[in-house]
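Accompanying notes for the structure given below.
Every read-out reported here was derived from the displayed coordinates using simple, explicitly stated rules and does not represent laboratory data. Remember, it's a predicted structure, so these values are computed and weren't measured experimentally. Neighbour counts run over all protein chains shown; Cβ positions are idealised from the backbone, glycine included.
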Amino acid sequence: RCANIAGLKLNGNQTITFADESEFASYAMEGIYMLSKAGIINGVGDNKFSPSTGCTRAMAAKVCNELLKLYKGGAGK
């Protein structure tokens with residue numbers, strides 16, 4: 001939602017299929033895969049996203065940081 005509000009285009013070519021996809025809430029699946037393809041999220045290891053586990057501060061900070069980089073015009077800015 002933040003990316004859409006900021007007008008960010010989430011493009012990418014990374015293809016990850018999460019083994020625990022059946023646990024995703026239907027409303028979240030599109031967003032999870034959009035962020036994954038753009039390289040903003042990559043799961044928790046072992047090809048899992050672990051949607052029922054809480055998000056740590058480090059996970060949230062990574063997402064915020066990656067979105068800010070895109071918002072400011074590219075990586076490292």
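Things to note:
- Dipole of segment 1-52 [Lys/Arg +1, Asp/Glu -1 at C-beta], most positive-end residue of Asn11, Met34, Ser22: Asn11
- When shorter helices are ignored and each DSSP H run of at least 4 residues is given -39500 (n - 2.57), the per-residue value for the chain at 222 nm works out to -10500 deg cm²/dmol.
- GNM flexibility winner over the chain from Gly31, Gly39, Gly54 (Cα, springs under 10 Å): Gly54
- Chymotrypsin sites (Phe, Trp or Tyr not before Pro) within segment 12-61: DSSP coil, no more than 11 neighbouring Cβ in 10 Å: Tyr27
- The chain: translational diffusion in µm²/s, Stokes-Einstein, Kirkwood Rh over Cα pairs, 4 °C, 1.567 mPa s: 99 µm²/s
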